[in-house]
1. Restricted to the stretch 351-366, and to residues that are of a type in the set (V, I, T) and open to solvent by 60 Å² or more (accessible area, probe 1.4 Å), which residue is nearest to V230 (Cα to Cα)?
2. Kindly provide the set of residues from the stretch 197-242 that are outside any helix (DSSP H, G or I) and either open to solvent by 70 Å² or more (accessible area, probe 1.4 Å) or out of contact with any Lys or Arg (no Cβ under 9 Å at 6 or more places or on another chain) (or both), ordered by number.
3. Which condition from (1) at pLDDT 95 or above; (2) of a type in the set (A, V, I, L, M); (3) under 20 Å from the mean Cα position of the chain (by Cα) is the one that L355 breaks?
4. Going through the stretch 314-333 one residue at a time, which ones are in contact with a Gly (Cβ under 7 Å, 6 or more places away or on another chain) and over 14 Å from S103 (Cα atoms)?
5. Just name the residue that is most open to solvent (accessible area, probe 1.4 Å) out of those in the stretch 304-334 that are assigned to a helix (DSSP H, G or I) and in contact (Cβ under 8 Å) with a residue 40 or more places away in the chain.
6. Got a sec? Which of A44, A93, A123 is open to solvent by 20 Å² or more (accessible area, probe 1.4 Å) and out of contact with any His (no Cβ under 6 Å at 6 or more places or on another chain)?
7. Restricting to the stretch 335-346, name every residue that is more than 17 Å from the chain's Cα centre (by Cα) and outside any loop (DSSP other than H, G, I, E, B).
Amino acid sequence: MFEIVKVVMAIICAVFVFKTCKNLKNKYLIFVVLALWLRYTLSAFHQITYDPFVAGFSLNALGSISVVLLGVLLLPNLTFRLRQYIVFYAFFAIIIISGLVNSEVKGLINVLVKWGYFFVLSAAVFLSLRMQPTKVVFKALLAPFLLPVSLQVLSILLGEVKATEGDGSASYIGGYNHEAAFSMIIVGFILVLGWLERKTIRFHAPLFFISVFLLVLVNYRTSMLAVLPVVLIFILTMLSERFESKYKLPILAAAAVPLIAIGLLISSSLAERFSDITLVVTNFSDLIKAPMYYSDADQDIFSSRMYLWSQYLYAFFNSDWLNQWVGLGPEHWDGLFKHYAHNAYVSYIYEYGYLGITAFLAINIYLLISALKHRSKVLGQKLFFSVLGIMVMSLSTMPLWNIEGLICYALIAGAIFAKGHGPHASETPSTLGREVKIPPPPADTI
């Protein structure tokens, strides 16, 4: 029954997305919108698109590869020499070295395709924002989220639910395959809504808070933690924009009362789901040990994450010096461990060694600093907390392992780079709708 609903909604949303693209004169923005629409549509029909289709590749994989190839052909050559991506290139180089040293060819290809997807999307967002105002770009980016959001709402109304935990809790994910990937779609929707200026769309604030509620119903706790900073800065920004300076303090104080009440209500209802987090924080030193020293009770803590991390770290620290510097190879865990690490930092030190984890941390620090230097202070703060949210998520899951997570990361990076340095092209009306010649001054290129 729900599969029929998905087909009908996919057709309706496809028409809406193509109408949106028809009204856009920015080919880079059209590329991003269509790329997101393709990914979210293919993922909705995972029963078909996840199985091998041609030469061992699924339709989902072929879609991702096609987006990367099209993006490389579409982007101007100068895009690949932007200095903002130097730190990313260093990380990519370490991935390649690790893959070649460890002969992890299949894993290397998979990872490079994923990060290639990130690069073409972030660069296209960068160019779009250099050509047009942020409100035009972010409003257009909402279009491809219509399908997953509408399917989740319908899954709630029709009772299409997925049981995910042994405690009887359930996830409403609109018929998608897994709550981890779907949660990142909703996180992306929340981020774009949060970045929009006031009055860009109707019912902006209600839509934002509804999207946060939808994320709660996905029932993936790490995603809930990730958006808390973004929700807070959205509320503070919304209140500060509506009232004069002399009224801000009393208004914020008054607003804090219902916010705290809502927070307490949510925390009490999710107390059992988050109880393991408190246990890990308070007993962290006792839980860091070799996997053979974990009791049966210890292995169950934090959905077995602590035990899983110890297995990865134990294998890494018992490897030779070369593997400790460059890692054991991209996706080397596949076939050795039952599950991926559920911690991006643990995974990257295992796969790419000390050099890889250092480069990854450098990327995030660079994004945080660049966000604070953003020409728009308000948007810069929102982007800063968006990066922080991804970093928080990475502590207990791997948001950047899925394409859906890399989409969020690409939107964040592209938005940060577009106005973080140099003049903004949208300040010159004559650039709208024209073929872009990248506006940054020569200092922005390598």
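The values are calculated or read from the model by the stated rules, or taken from the named source; none is laboratory data. Because the structure is a prediction, the values reported are computed rather than measured. Cβ coordinates were reconstructed from backbone atoms using ideal geometry, including for glycine residues, and neighbour counts include every protein chain displayed. In case anyone asks, the SASA skips ligands and DNA or RNA and just uses the protein heavy atoms, side chains included. Shrake-Rupley method; radii C 1.70, N 1.55, O 1.52, S 1.80 Å.
1. I365
2. Across the stretch 197-242, the qualifying residues are E197, R198, K199, R202, F203, Y220.
3. Only one criterion is unmet by L355, namely (3).
4. Residues satisfying the conditions are Q324, W325.
5. Looking at the filtered set, the residue picked out is L322.
6. Selected residue: A93, the only one of A44, A93, A123 that is open to solvent by 20 Å² or more (accessible area, probe 1.4 Å) and out of contact with any His (no Cβ under 6 Å at 6 or more places or on another chain).
7. Of everything in the stretch 335-346, those that are more than 17 Å from the chain's Cα centre (by Cα) and outside any loop (DSSP other than H, G, I, E, B) turn out to be F337, V346.
Each row is one residue, and each column tells you yes or no for (1) within 12 Å of the chain's Cα centre (by Cα); (2) within 20 Å of H178 (Cβ to Cβ); (3) surrounded by 20 or more Cβ atoms within 10 Å (Cβ to Cβ); (4) not basic (K, R).
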{"position": "L368", "(1), (2), (3), (4)": "no, no, no, yes"}
{"position": "L379", "(1), (2), (3), (4)": "no, no, yes, yes"}
{"position": "K382", "(1), (2), (3), (4)": "no, no, yes, no"}
{"position": "S396", "(1), (2), (3), (4)": "no, yes, yes, yes"}
{"position": "L400", "(1), (2), (3), (4)": "yes, yes, yes, yes"}
{"position": "Y409", "(1), (2), (3), (4)": "yes, yes, yes, yes"}
